[in-house]
Amino acid sequence: MRDDGGVRAVSLDDDPFDYRITKSGMLIITRNGRTVMELGGKKASALIPKLGASDESDQQLLARVTGNYRHGNERQVNKRH
């Protein structure tokens with residue numbers, strides 16, 4: 001699948017997020033074997049109970065918290081040079 005810019009759009013199915021919770025309560029989010037984000041404190045304690053319901057909902061939550069989330073109503077802006 002390609003977006004308007006000719007760049008291949010990578011879906012969460014093709015390249016899913018993974019996470020692990022440390023003993024200290026820190027949430028470590030990885031993608032493609034690399035650490036994307038480490039969350040601790042209030043943000044981690046708010047997100048951890050929401051994880052585990054289903055893989056699809058986990059992927060959406062992790063995408064949102066990492067900022068790698070595209071809303072359905074966003075459009076590509078054509079830049080004029």
Of everything in region 18-63, what is part of a strand (DSSP E or B) and either exposed (fewer than 12 other Cβ atoms within 10 Å of the Cβ) or β-branched (Val, Ile, Thr) (or both)? Give them in sequence order. 20, 21, 28, 29, 30, 34, 35, 36
Considering region 8-35 alone, what residues qualify as being modelled with pLDDT of 90 or more and of a type in the set (Lys, Arg)? 20, 23, 31, 34
For the structure I just gave you, tell me whether residue 74 is at pLDDT below 90 and out of contact with any Leu (no Cβ under 6 Å at 6 or more places or on another chain). yes
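The values are calculated or read from the model by the stated rules, or taken from the named source; none is laboratory data. All figures in this text were calculated on a predicted structure; none of them were measured in a lab. Cβ sites come from the backbone with ideal geometry, for glycine too, and all protein chains shown count toward neighbours.
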